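A short write-up of the structure that comes next.
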Number of protein chains: 2
Amino acid sequence: MKINNEVIGLVAGILTASSMLPQLIKTLKKKEADDISPFMVIILIVGTGLWSYYGVLRDDLPIIITNAFSCLLNSIMLILKFRYSRNKLSI
Amino acid sequence: MKINNEVIGLVAGILTASSMLPQLIKTLKKKEADDISPFMVIILIVGTGLWSYYGVLRDDLPIIITNAFSCLLNSIMLILKFRYSRNKLSI
């Protein structure tokens, strides 16, 4: 039962950590990002950054790795958001 | 030190759980969602759903509440995505 719990947690972690990947691919292909909220992306950068720091404090490598990866994806997304938004004032 | 850790974890959890909120507000205001990847939203629904289930298995109320809230926001976002996408085939 314990192994099952850990597998569910691991799958859940991989899914939420990599969720920004299809968005990055779509934005790179379309070169359009007007409809994406920069606040969502900024909140995710700060949130996953804090989770990584929490992982460091708790000495928990899975938390550090998944959230640092997610933080990196979101940082790239923020750059793409401002690069590809036709209306620069669109927030 | 322990309290500081918990506060950081709590703030991180609140931020990542509520990150879809500004996106929902933006989509409702603009009524456009072409640039948003439905795969990102679907992966987040499955991922946060699994996190909630993991919270139930571990009897961890904060994990259940934050992820169930996030799963709800993402489910609403998926409905808006298909409602407001001008190009219905745009994935």
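Pairing residues of the range B:21-47 that are closer than 17 Å to A:Lys26 by Cα with residues that are part of a helix (DSSP H, G or I) and of a type in the set (Phe, Trp, Tyr), at Cβ distances under 7 Å and at least 6 apart in sequence or on separate chains, gives B:Glu32/B:Tyr84; B:Ala33/B:Tyr84.
In the range A:19-31, is there at least one residue being of a type outside the set (D, E, K, R), buried (at least 16 other Cβ atoms within 10 Å of the Cβ), part of a helix (DSSP H, G or I) and out of contact with any Leu (no Cβ under 9 Å at 6 or more places or on another chain)? Checked against the condition, which is being of a type outside the set (D, E, K, R), buried (at least 16 other Cβ atoms within 10 Å of the Cβ), part of a helix (DSSP H, G or I) and out of contact with any Leu (no Cβ under 9 Å at 6 or more places or on another chain), the range A:19-31 yields at least one hit.
Going through the range B:57-80 one residue at a time, which ones are at pLDDT below 95 and either on the phi < 0 side of the Ramachandran plot or in a helix (DSSP H, G or I) (or both)?
Within the range B:57-80, the subset at pLDDT below 95 is B:57-67.
Matches in the range B:57-80: B:Leu57, B:Arg58, B:Asp60, B:Leu61, B:Pro62, B:Ile63, B:Ile64, B:Ile65, B:Thr66, B:Asn67.
Scanning the range B:28-53 for residues that are in contact with a helix residue (DSSP H, G or I) (Cβ under 8 Å, 6 or more places away or on another chain), farther than 19 Å from A:Ser18 by Cα and more than 7 Å from chain A (Cβ to nearest Cβ) yields a total of 2.
Residues that are farther than 21 Å from A:Gly47 by Cα and either in contact with a Cys (Cβ under 6 Å, 6 or more places away or on another chain) or not polar (S, T, N, Q) (or both) are absent from the range B:11-26 altogether.
Of everything listed in (1) farther than 17 Å from A:Gln23 by Cα; (2) within 10 Å of the chain's Cα centre (by Cα), the single unmet condition for B:Pro62 is (2).
The values are calculated or read from the model by the stated rules, or taken from the named source; none is laboratory data. These figures come from a predicted structure and were not determined experimentally. Glycine also receives a Cβ, built like all others from the backbone with ideal geometry; neighbour counts cover every protein chain displayed.
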